[in-house]
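Trainee: Here's a structure for you.
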């Protein structure tokens, strides 16, 4: 009798495990294909760089990307090889396009601005530049204080905005915002980052939102960052 009970328990646990695995697989798949409703966010697109591989730009457009942001520069020296041809190809496919600079908290503002302005052309049809900010212990093991970052970032923004002729969009992560409170002290539109649930960590409304960092998009072989615009 005991052996029968043990076998029954094992079968029950095995069945429960299969159910949990199936449910987990369904959630994983849904997370990959999920996008915010178009009725809520009519304009949607993505942010990509060379790490995402070689895009099929027309397929991206056909799969619902109205715009694309391409990383142009990182810190004071790095430039993304996808940017130059990518911007032109995206616009040829019918998408609006813009440039992202990945800000290095430890690199001088003047050098970062010079890297950006020599990479990104002065073209009125480009979307406002986006400045991605995160805490990266590898590139910046000793992050600056709040006042120092605000001063350097303001210098950087002034130079970049003079070059492009329009205000930049700040893209702070939750960690950056918690430490530096940029949304409260810098009068710029903000682009927030949080998978699946609309973020509120900046304390004021966002104009753009990276709603998924692992979306499956036709035209790319790897998961992409899917972005929506607040109407």
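The values are calculated or read from the model by the stated rules, or taken from the named source; none is laboratory data. This one's a predicted model, so the numbers in the text were calculated from it and none came from an experiment. As a convention, Cβ positions derive from the backbone with ideal geometry for all residues, glycine included, and neighbour counts pool all protein chains shown.
Trainee: If we scan the range 113-135, do we find a residue that is at positive phi, surrounded by fewer than 21 Cβ atoms within 10 Å (Cβ to Cβ) and at pLDDT 95 or above?
Mentor: Start the filter on the range 113-135 by keeping residues that are at positive phi, which leaves none.
Checking the range 113-135: not a single residue is at positive phi, surrounded by fewer than 21 Cβ atoms within 10 Å (Cβ to Cβ) and at pLDDT 95 or above.
Trainee: Test residue 89 against the criterion of being free of Cβ contacts under 8 Å to residues at least 60 places away in the same chain, farther than 24 Å from residue 193 by Cα and in the same structural domain as residue 51 (by TED's automatic domain parsing), and give yes or no.
Mentor: yes
Trainee: Does residue 94 count as assigned by TED's automatic domain parsing to the domain that holds residue 134 and farther than 21 Å from residue 165 by Cα? Give the steps one after another, and end with the answer.
Mentor: Details: assigned by TED's automatic domain parsing to the domain that holds residue 134: yes; farther than 21 Å from residue 165 by Cα: yes.
Taking the combined requirement at face value, the residue satisfies it.
Trainee: Shifting gears a bit: Counting only residues that are within 16 Å of the chain's Cα centre (by Cα) and closer than 23 Å to residue 152 by Cβ, which one in the range 197-225 is surrounded by the fewest Cβ atoms within 10 Å (Cβ to Cβ)?
Mentor: Within the range 197-225, the match that is surrounded by the fewest Cβ atoms within 10 Å (Cβ to Cβ) is 201.
Trainee: Six or more apart or on different chains, Cβ under 6 Å: which pairs go from a residue in the range 67-85 that's within 17 Å of residue 156 (Cα to Cα) to one that's surrounded by fewer than 24 Cβ atoms within 10 Å (Cβ to Cβ) and modelled with pLDDT under 95? Could you list them?
Mentor: none
Trainee: Let me ask another. What is the residue count in the range 84-99 for residues that are surrounded by fewer than 21 Cβ atoms within 10 Å (Cβ to Cβ), in contact with a strand residue (DSSP E or B) (Cβ under 6 Å, 6 or more places away or on another chain) and under 26 Å from residue 139 (Cβ atoms)?
Mentor: So the answer is 0.
Trainee: If a residue has to be crowded, with 20+ Cβ neighbours inside 10 Å and more than 21 Å from residue 194 (Cβ to Cβ) to count, how many in the range 35-60 make the cut?
Mentor: Total satisfying the criteria: 3.
Trainee: Could you tell me whether the range 61-77 includes any residue that is modelled with pLDDT of 95 or more, loosely packed, with under 15 Cβ neighbours inside 10 Å, within 30 Å of residue 141 (Cα to Cα) and assigned by TED's automatic domain parsing to the domain that holds residue 195?
Mentor: Within the range 61-77 (the criterion being modelled with pLDDT of 95 or more, loosely packed, with under 15 Cβ neighbours inside 10 Å, within 30 Å of residue 141 (Cα to Cα) and assigned by TED's automatic domain parsing to the domain that holds residue 195), the answer is yes, since at least one residue qualifies.
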